[in-house]
Every structure is written in structure tokens, then in C-alpha cells.
1. Whether any residue in region A:397-417 is at pLDDT 90 or above and in contact with a strand residue (DSSP E or B) (Cβ under 8 Å, 6 or more places away or on another chain) is what I want to check.
2. Within region A:448-548, which helices (runs of 4 or more DSSP H) (wholly inside it) include 1 or more residues that are crowded, with 18+ Cβ neighbours inside 10 Å and touching a residue at least 60 places away in the same chain (Cβ under 8 Å)?
3. For the list (1) surrounded by fewer than 19 Cβ atoms within 10 Å (Cβ to Cβ); (2) without any contact (Cβ under 8 Å) to a residue 12 or more places away in the chain; (3) more than 23 Å from the chain's Cα centre (by Cα), I need the number of the one condition that residue A:423 fails.
4. Within region A:138-149, identify whether any single residue is assigned to a loop (DSSP other than H, G, I, E, B) and buried (at least 21 other Cβ atoms within 10 Å of the Cβ), and answer yes or no.
5. Suppose the filter is at negative phi, at pLDDT 90 or above and surrounded by 14 or more Cβ atoms within 10 Å (Cβ to Cβ); does residue A:304 pass it?
6. Answer with yes or no whether residue A:456 is modelled with pLDDT under 90, over 30 Å from residue A:381 (Cα atoms) and away from chain B (no Cβ under 14 Å).
7. Sort out for me the helices (runs of 4 or more DSSP H) sitting completely within region A:254-341 that have 3 or more residues that are under 25 Å from the mean Cα position of the chain (by Cα) and under 26 Å from residue A:565 (Cβ atoms).
């Protein structure tokens, strides 16, 4: 394959003026991978349509020293936008009041099925900007038997065509040179206009669309040969994973394996990290004299941050599994499979991928709803998305499960704790479906649009991209533990330690510590909040932990660790030890166990439903329309989820008591 | 009160004040960043140089 075009004179860079380039094309053609290859950045990539929903920018230095600024745009099917993400792409290409249109446009086309990409090229050329076509994934095309005559394609199109394999960096240098050279040229005349004789408007009317596709089809017929059958093993696999009975079973089996693995595979690593945290706590205690700083280090910082950090292996495993699902091509199949169930509750099939992404984090998941065309469909999805259990809930679930659920197996091989974790994720998902159905019948009535999705080819996840993605997401979790959680733990320790109270003569240490905590600022706040949570079976310490977690969920764990660290003189506050401690903590006055299995079950339900993330509230507000409209939807979202959380925890606790549980 | 205890108290007060300051600055920045899509919840979806 050649990597040159007829209209690119060499050495015509524009001195050192910055060149602005836009990458555009259909969804899932590898634009973000190409963007990463060109700029050296690590924008998130995945093997399903709609990964990029924003305009992202990076840059590289050309061989002549000019800075080339590259924009990665959301995928689009045409220059007539039908969804918010497509509107972002089209606005960037046409230019806006505060942004010039790009100097060069690179249309990224999937080499295996280039028709729709070339259709976009026929519209882009009419914007009057220099154009380069990047024919991406040529390796996959070659493997599937597709033969492309690149010189002939260049001749037919009349623009530069560069074959690329963005994942391996093939053709990227040639593309950089082509971009640099193209910026010197005037806009090309795509042969489509000459041969079809149409006065293109860039707007896709029916006739216009048909003419363009007819021309593109002719070009493809003349320049490409394709085998009749598609990849056989992929088809065979699809017959199973898309089957109306086997498909959902496969999906459930995958989910069961994921949660079993999260619980069992991560355990040795978590134990290792617990030992490390434990050793640090011991070191702090042994090497310092008695005083406030020692207590701050051991009970506040190491107990608070350490008990969040030990969950990193679980979080990394969750991200690894989500990455494998994204990169393998299964995610798009699962979306197709789930469409029939989602349609029944009024959610569009396109909502599935954002919802599954919500298992990692609600914020990018809400941004991902930009691929949904209809506003009511999109709003319904945004409103229920935070019910999907995000990674910040995982430490809370794990801690409460370890404290309340016995380590036994069911059906001989499934761990009861893993099954409980899966049940919590399912509870959130089922609740999301139920609430969506309610919204669609009350506030957001409209027929659901048919769901069309291009199923990407299966491929083995690329280890490098996968590990980078896991590392990046895990690092962000650690960074947060080292900043917000750290600062929060310090402040919480101070509020729980002051004002100081003198110990009474002969008073046991545990009673004295409890009295100190009870009389502290935090203790007083807890006592003030206690009546609100008493009906759920919670005491004032749980009230503090819940109140503290309204800003960010995972502070529940660090708060519980700090409160327990302050009221005991044992420094071995590891995740397992914290769970054991919580199980045994008794009310000083009554002697009753505080975190009974029933209370823990209610708490788990509370955290499945409660919206305790200020970032999610802010993003919901903006994506629901901003201003008063957005504020209204975000307030409704927060209120209904809090009601559901409180009501759910109350029902579990009261029903449990009525049934004789404790 | 021993010198060691006093030193611990001074450092503790300083650490607590820094932590409070950090949380306040962070909250103010988050409130101002109304138009940013940057994630503040620990997942940071994209480390690109700029985003709109």
C-alpha cells in the first residue's frame, strides 16, 4: 500500500505558524487511537461507538518545527447532527463565533467498511478546507481478506489517502507529513462533485444522500475487493452472545465471574496492602511520643487513608474487567442484547453503554449519554444513571459485606460474599430500570426510537492500552485518596478529638475514649443527627459516617476507621480488622452490637440508592440543560434517590425486625 | 507540657489548617468550574490537554 497522494508537494510547511487539525469520521473508526498516536496523549479509547463525546485537543511538533494542534471530535454519521455529541463535532468543523474552523481536516475511515466514512468525506470537502483521508485499521482489513488499491483510491477520490494502523503507529509519520503539506494547499475538489455534478450543500437530504452513497459505492467497487463472508469465528460467537436465550445467560455469567473475581482475586493483594498500612501505623505509634500528632497520624491519616487505599486491588480489577469488555467488542453486543429489555422500560438501547460505564464512574457515564439523540430519552437515562453502582461504592460494599456476611459458599463454588456484591449491583440496575419506567410514564412521555448500532469486530484486548487505562483510572483513585480523603481525614480527626475532656479517675480507657468522642464537635453533630437515622437502626457514629459521605461516598470507610481508631487502642486497623471491629463494636451504655447484620443490610441498600457525589450532581445539572432547568432535574434526581435510599433502608430494617432478624 | 508535646501540637494545628484550606480552595474551584467536563470523582475520564 502506498502512503502518498498526488496533490501533496513536499516541503511546503507554513514556516512555524501553528496548524489546526480536526479528526473527524464515523464512530468507532479509531479517531481517538489516532489522536493518541499523533499527540502522544492517552485519551480513553474503546471498541464501541460513542467513546468520545467531547472535543479534545492535543498537539505535536511537525518536522519543520511548526506546532500542529489536533482536535479529536466525537464520531458522526453526517454533517447534519442528530445528537449532542454530533453537534459538537459539526460545530468544531464549521467554526463558531469564538473558534476558527480547522486548517486541515483528517477524515478517519474504517478500511474494512469505508462507505459511511467516505460519505462523510463527500460532505467535509464542501467545507472548503484542505482534506486528508486516513484509511485506518488496514491491518484488520487485510486479515479479513479485504484488498485496497490505495493509488487507485487516491485517483478516484482526488485527495490524499494515508493507510494507517493507529494502534501500532503504522502510517502515523506519513499522516503527520501529509497534514503539514496539506495545510499549504487550497481545498481539494473531491471527484464526487465533478462526476456526480451535484452542487453539494453539506446537508443530507434524501436525494443528496442517495447520490453521495451511489458515488461512494462506485468508488469502493473500483478500488476494493472484499471476501463474501465475514470472519467466521466472530459470526459463530455472535450466534451465541446475541441469542435471545443464550445471550442474557452469557451476560449474567460474565457478570458473575467479574464479581466473583473482584472478591477472590483481589484478596491476597488487599491482605498485602493491609500488612503495609498496619506496619505504617505501628511505626508511627512506636517512633513518636504520646501526643496529638501521633494520634493524628495513626488514628486520622493512616487509619482513614490507609483503609481506603487497601481497596485499590479491587478497584483495579473492576477497571480491568470494564476495559476488557470495552476493548473486546462485547460491550456493543451487550447493548444490542439489552435493547429489548430496556425498550420495555422506556430506555433507548443507546443508554446501555453509558449505564454499564456507570459501574466505573457516573460522571463520564452521564457525559456518554450525549450519543442519545432524543432529549427525553437522554434525560431519562441521566436521571437513573447514578443508580448504577460506581467504583466509589465498592469499598463501602466490601467493608459492610465483610462485617455482616459470613465467608461461606453457595452452590459449592460461589462465595456468598461475592453473590451479595452481585446482588447489590443488580439491585441498583433493577432500580434504574424501574425508575426509568416511572419517568417515562409520568414526566418524560415519548416513544422510544429504534436502536441501530454497528457491531465492531471482535478482537483480543490490547494489553498495553488495557493496562494504561487501568493504571490511569487506578492512579486517579489513589490521587484522590492522597488529596481529598487525606485532607478530609485530618479535619475529621480534629473535629472528633476536640474539645478535649479529662479522663476520670479509674475510668476504663475505652469508656474514656468513647466519652471524649461523644463530647467532641463531631460527636455533638452525630447526636444531633441521630434522631433522623434512629428509625433505620443507626446510632450517632453511623449518623456521622453517613453525613460525612455526602460529599464523596468513600469517606464513609475512612470516617468509620477514624472513629474506631479513636475509641480503641489497637493500632492494627486494616480493612479486615476494621470489618471485624465493626462487627463487635457495642454501645457503651446498652452493650448492644451496633452494626448487626440487619443494620448492615439496610446500610448497603442505603448506599446502593443514595446519590452522594457532588461531581455527579454538578454534571447532571449541566447535561440536563444547565441553568434553572438543569438545577431542577438535578434536585429531583438527588431528592428521589435520597428518598429511595432512606425508604429502602427503612423497609429492610423494619421488615427484618418483623421477621425476627437482628 | 513537654517540648515534644508542644511541638506535636504546633505541627498538628498547622496540618489541620492546611487541610481545611485545601478543602476550601478545592470547593471554591469546583464551584467556579461550572463549564468544565473534568471529572472530580476520581475517575478523570481523559487526560487531554484541553477539553470543551
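1. No, there is no match, as no residue in region A:397-417 is at pLDDT 90 or above and in contact with a strand residue (DSSP E or B) (Cβ under 8 Å, 6 or more places away or on another chain).
2. Answer list for region A:448-548: A:463-480, A:486-497, A:509-519, A:540-548.
3. It is condition (3) that residue A:423 fails.
4. no
5. So residue A:304 fails the test.
6. no
7. Once the helices (runs of 4 or more DSSP H) in region A:254-341 are filtered for at least 3 residues that are under 25 Å from the mean Cα position of the chain (by Cα) and under 26 Å from residue A:565 (Cβ atoms), what remains is A:266-287, A:303-309, A:312-328.
Conditions (1) within 14 Å of chain B (Cβ to nearest Cβ); (2) touching a strand residue (DSSP E or B) at 6+ places or on another chain (Cβ under 8 Å); (3) surrounded by 24 or more Cβ atoms within 10 Å (Cβ to Cβ), marked per residue:
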| residue | (1), (2), (3) |
| --- | --- |
| A:345 | no, no, no |
| A:349 | no, no, no |
| A:372 | no, no, yes |
| A:391 | yes, no, yes |
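The values are calculated or read from the model by the stated rules, or taken from the named source; none is laboratory data. From a predicted model like this one, the values you see are computed outputs, not experimental measurements. Neighbour counts are summed over all protein chains in view; Cβ atoms, including those assigned to glycine, are modelled from backbone coordinates with ideal geometry.
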